[in-house]
1. I'm told Leu426 meets every condition in (1) in a strand (DSSP E or B); (2) at pLDDT 85 or above except one. Can you identify the failing condition by its number?
2. Do the conditions hold for Ala401, that is, is it surrounded by 15 or more Cβ atoms within 10 Å (Cβ to Cβ), at pLDDT 90 or above, within 25 Å of the chain's Cα centre (by Cα) and among the aliphatic types (A, V, I, L, M)?
3. Would region 73-84 turn up any residue that is modelled with pLDDT of 90 or more, of a type in the set (Lys, Arg) and crowded, with 16+ Cβ neighbours inside 10 Å?
4. For region 243-268, what are the residues that are assigned to a strand (DSSP E or B), over 10 Å from Tyr353 (Cβ atoms) and not hydrophobic (A, V, I, L, M, F, W, C)?
5. Among the residues of region 522-539, is there at least one that is under 17 Å from Asp383 (Cα atoms) and out of contact with any Leu (no Cβ under 9 Å at 6 or more places or on another chain)?
6. Failed condition for Lys392, given (1) modelled with pLDDT under 90; (2) of a type in the set (Lys, Arg); (3) under 30 Å from Gly505 (Cβ atoms), with all others met?
7. Taking the condition assigned by TED's automatic domain parsing to the domain that holds Lys520 and surrounded by 16 or more Cβ atoms within 10 Å (Cβ to Cβ), does Lys475 pass?
8. Would you point out the residue of region 50-70, among those that are within 22 Å of Arg40 (Cα to Cα) and in a strand (DSSP E or B), that is nearest to the chain's Cα centre (by Cα)?
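The values are calculated or read from the model by the stated rules, or taken from the named source; none is laboratory data. This is a predicted model, so every value here is computed, not measured. We place every Cβ from the backbone using ideal geometry, glycine too, and count neighbours over all the protein chains shown.
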Amino acid sequence: MIMKKVFLFILLISAFYYAKAEENPIKVNSEIKKVTLFQRGAQIQRTAYFRAGSGAQKIIIEDLPYNVLANSLQVKGKGNFSILSINFSKNYLKKKEEIAAIKELKDSLEMLNRLKNTKNTKVQNLNKEETILMANQKIGGDQSGIDVNTLKNAMNFFRQKLSEINSEKLEIQRELRDIQENINRIQKQLNNSNARKQEPTGEVYVNIMAKSAVKGQLTVDFIVMNAGWTPIYDLRATTINKPVTLTYKANIYQRTGNNWEGIPVTISTGKANISNTQPKLDPVYVSFKSIPPPRKQAAPKTFQKRKQAPQEQVMYDKIEFEETVKEAKYVKSEVSTSQIHTEFTPEIHQTIYGNGNTQTIHLTEYEIDADYTYYCVPKKDKDAFLLARITKWEKYNLVPAKTNLFFEGKYVGNSYLDPSRASDTLEVSLGRDQNIVVQREKLKDFESDQFIGRNQRNTHEVNITIKNNKQEEVKLIVQDQIPVSTNEDIEVKPIRLSRARHNKGSGLLVWDMKLKPGEKEDLKIKFSIEYPKKKEINF
């Protein structure tokens, strides 16, 4: 009986303290300390500091993103107190505080509107001046005339003054158009920002118990899904005698409403909020089908067609500067690799704005040895394509991404680099090189038709000329073909193939060659097709 009374007393005391904590919660703000950005989603760590009295207290950490994944929420504390419970909630009543970027936009809009009003006032004054000028055109009196010099001076004055007024009005109108364009652009951006401002804010409730007055620190970790990044590469080859340079970049975005200013942002190739439970297979059973008894046919019904428900300036100043001797360098990143993902942490902490706009940041750069080979199929395309063959690419932990290609300082196009589909050698096309000149022509003088008994023989000859106009030796793979017979009555005989490797099954001809600077190579292809003379072939 005594134990029951003690328990009830403790329960009443606890209820009293909790009620007190609910009546007077401690509201605090927090600062972003660290962000890990995944390809989709971001893990954010924030820190808040508070002062609290003894007993049970409720700490409310305000102004958090509203779309926090509640299951990802973690809270740790430092101080002489115990954490009793945590909870995440959305506050639909409190408006989001204006972020610095929105304040800057509003200030710019106000300044432009003041400037617009000033210009309009000036136009009004010029119109009044023009009205007064036009109302005083009469020269001399009714009884007396005016001498020629006075008239001449008066006309010159009117002409000059009207010209000045009209020129100034035209200039002001041009300025007003530019001002209005900037106002429209800023207003559009503000409308988008204000729409996001109507979103609720997130709050974390932390119930604590302290034996005495305490100063404490709370660290909150959570995941949001309205942030992420996509990889992109720049692959540069200066010459065919040097390694390729692979620049690893990230197009990042975040719409949390908070700018990530001067904080460490780690870019991870991992994924947030995915299931980590290994898949299991359930048994698949097979049995005989049960045939249902035949149904009696009902009289046809008439249906009415149902109606479907309706479906629901930035202005830049010119800056003069002297040319610097050293070339500007990109920011480097610290790269760490685990068995399942790679993380990049840029050495310089950049500002990532919370308005959803994409920003490109430099992650790292690799110098990769490559074997350069030109590839040409003159029957299809007379240009030679440069291929870079990269080996041991696995150690760079690349992910599939769009790749911008540059050769000899020029942009030559883009490709898609997919290491998951590559073999031991990763092949990347660097585009066409006009310095490898290729010509292919059929030699009609050597085409002939002969009749041999019951058969007819057609002879064909092709000449391929390749010239290296580069300043260095090149390796080249050339491909062509001769036809393949699909009928025993048709016989294809190669006569001259200029040392080509011949695949008889496909008819493919392959030449591997090296050409020195200025060197030219001629390749001859000659073959015959023999078939019954009373038949026609589709070649």
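1. With (1) in a strand (DSSP E or B); (2) at pLDDT 85 or above applied to Leu426, the lone miss is (2).
2. yes
3. There is no residue in region 73-84 that is modelled with pLDDT of 90 or more, of a type in the set (Lys, Arg) and crowded, with 16+ Cβ neighbours inside 10 Å.
4. Thr245, Thr247, Tyr248, Lys249, Asn251, Thr266, Ser268
5. Narrowing region 522-539 to residues under 17 Å from Asp383 (Cα atoms): 522-523.
Add one more test, that the residue is out of contact with any Leu (no Cβ under 9 Å at 6 or more places or on another chain), and what stays is 522.
Looking for residues that are under 17 Å from Asp383 (Cα atoms) and out of contact with any Leu (no Cβ under 9 Å at 6 or more places or on another chain), one finds at least one in region 522-539, hence yes.
6. (3)
7. On the way: assigned by TED's automatic domain parsing to the domain that holds Lys520: yes; surrounded by 16 or more Cβ atoms within 10 Å (Cβ to Cβ): no.
Criteria not met by Lys475.
8. So in region 50-70, the residues within 22 Å of Arg40 (Cα to Cα) come out as 64-70.
Narrowing the set further to residues that are in a strand (DSSP E or B) leaves 64, 68.
Working: Leu64: 26, Val68: 24 Å.
Among them, the one singled out is Val68.
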